[in-house]
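Working notes for the structure below.
What follows is calculated from the coordinates using simple rules that are stated; it is not laboratory data. Only a predicted model underlies this, so the values are computations on that prediction, with no experimental measurement involved. Here the Cβ is made from the backbone with ideal geometry for all residues, glycine too, and neighbour counts use every protein chain on show.
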Amino acid sequence: MDSIIVQGNGPVSGEIPISGAKNAALTLMPAALLTDKPVTFTNVPRLSDIKTTNELLASLGTKISMIDDGQKITLTTPEITNHLAHYDIVRKMRASILVLGPIVARHGIAAVSLPGGCAIGARPVDIHLKGLEVLGVDLDLRDGYIHAKAPNGLKGATYELPFASVGATENLLMAATLAKGTTVLKNVAREPEIIDLADLLRLMGANIIGDGSSVIKIEGVETLHGATHQVVTDRIELGTYMMAPLIAGGQVELLGGKRRILESFCQKLEEAGAEITETERGLLVARNNADIRAVSVTTEPYPGFPTDLQAQMMALLCTAEGKSVLNETIFENRFMHAPELIRMGANIEVHGGTATVTGVNELRGAPVMATDLRASVSLILAGLAAKGETRVARVYHLDRGYEKVVSKFRAIGANIERIKE
């Protein structure tokens, strides 16, 4: 099993190109199941989750063509030859649930295993299922599978999500494109990835308005056609690398970065002492001469502070001046990185969904263990500022969400390597 070794060696500088968004690509690719025509994606990140999604789609009848080392993918599904999304594939990744809506909308029958993924909370799929029931899908949960039937097709309806679930919004949006009549989805998620999905579906011939707001209206169509679409910039990768010069000192330009997709996050970084400048090529982030200041953070659905950047923010605040409070409101089990940061000398107290971080003068390198995707990179970031060597074990999580993470950190002068043990 691989590990990553980081030696804290002072300020970083340089530039990092930001990849296409993993969370967008994993949503866009299942949309290809809605048509028998080719759907092409560019700016696709080369990650293990993308490989898993390709494997899943291929098992359902999708033909896959990749060029540019996988950065361009064409998916063609002349027919859905298998309506079963098997546990052996779905267990690897929670986003696999997103094939449910497209399969049942086009094929009339689907059986999808209950999904797996990072152990950061329950993340139930009941909102997906209730919404599909409102659209006329008959559901039966048995033997670890969701069995869905809509032999006469889906019917437009109005459904208000009990909370703004990103995955449920995506699943229902895709399904509703082929429903008969008008579907109105209320209290939906507003993330850039939702807008990116709606943009793709419109290119494919769907009739959608309201994405980016709390209410989306979809007029169903009989069929969708092919399209070519560029995957949106990964705002979580962007936010992660924005942390590097703030933790280690220095300045880094993030190529392709846009402030508007991370406004709440940028505001918190500036409150802590960051200097963020929009450039012609992206965002320039620098730490001014003063120390990082303590701030309070509450994770919220978009456009609030992203839960996927909470672990990285905690790493930054470990050496901030004063006491910071982080409230995690999205996932109930997302402070598993805190004990590992404590091993490095951090002063953190966790009570339920609240973590209190009292800044220390310095962190010390130590052997630590990654518990999930975002925790993995938070420990690498902490290692940039730590005195001595930090060895991060179980870094296979990183391969799910960060493309060429070692080379990107090296490009700004970090002393980092990946080793096999």
Work out the P(r) tail for the stretch 159-224: percent of alpha carbon pairs separated by more than 19 Å, whole number. 18
Nearby aspartates and glutamates by direct alpha-carbon distance to LYS180 (threshold 12 angstrom, same-chain neighbours under 8 apart not counted): GLU219, GLU222
Multiplying the sequence separation of ASP88 and VAL221 by 0.36 nm and subtracting their Cα-Cα distance, what value in nm do you get? 44.5 nm
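Nearest 5 percent is fine: what portion of the DSSP beta bridges confined to the chain is antiparallel? Walk me through the intermediate numbers first.
Values: 58 of 84 bridges.
Counting DSSP beta bridges with both partners in the chain, the antiparallel share is about 70 percent.
How would you rank 321-331, 173-183, 24-34, 391-401, highest first, on the average number of other Cβ atoms within 10 Å across their residues?
On the way: 321-331: 18.0, 173-183: 23.6, 24-34: 26.5, 391-401: 20.1.
Packing proxy ranking, top to bottom: 24-34, 173-183, 391-401, 321-331.
Give the shape of the stretch 272-414 as rounded, prolate or oblate, defined through the alpha-carbon gyration tensor: a ≥ b ≥ c are the square roots of its eigenvalues, a/c under 1.5 means rounded, and otherwise the shape is prolate if a/b is larger than b/c and oblate if not.
Working: a/c = 1.16, a/b = 1.06, b/c = 1.10.
Rounded, since a/c falls under 1.5.
Calculate for the chain the 222 nm mean residue ellipticity that helices alone would give, adding -39,500 (n - 2.57) per DSSP H run of length 4 or more and normalising by residue count, nearest 500 deg cm²/dmol. Intermediate results must be reported in sequence, preceding the final value.
Values: 13 runs with 121 residues, N = 421.
Taken over the chain, the calculation gives -8000 deg cm²/dmol.
Around ILE195, with a cut-off of 15 angstrom between Cβ atoms, what is the net charge of the other residues, counting Lys and Arg +1 and Asp and Glu -1?
Values: positive: ARG190, ARG202, LYS217, ARG235, LYS258, ARG260; negative: GLU170, GLU191, GLU193, ASP196, ASP199, ASP211, ASP234, GLU263.
Charge balance near ILE195 sits at -2.
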Return the whole-Å distance between the Cα centroid of the stretch 190-226 and the Cα centroid of the stretch 274-331. 31
If you count the DSSP beta bridges with both ends in the stretch 22-230, what percent of them are antiparallel, to the nearest 5? 70
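Would you please report the Å³ per residue occupied by the convex hull of the alpha carbon atoms in the stretch 22-230? Mind showing how you got there, number by number?
Working: hull volume 21.2 nm³, N = 209.
Taking only Cα atoms, the stretch 22-230 has a hull volume of 101 Å³ per residue.
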Listed by chain and number, the lysines with an alpha carbon less than 19 angstrom from that of LYS92, same-chain partners under 8 positions apart left out, are LYS22, LYS51
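For the chain, what is the convex hull (Cα atoms) projected area averaged across all directions, in square nanometres? Could the numbers behind the result be given before it?
Numbers: hull surface 74.2 nm².
If you wrap the Cα atoms of the chain in a convex hull and average its projections, you get 18.6 nm².
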Among all the aspartates and glutamates, which ones have a C-alpha under 20 Å from LYS387's C-alpha, if same-chain residues fewer than 8 places away are not counted? ASP291, GLU321, GLU340, GLU362, GLU417
Please express the Cα-Cα pair-distance distribution P(r) of the stretch 327-375 as a list of whole percents, one per 10 Å bin, running from 0 to the bin with the greatest distance. 26, 53, 21, 0
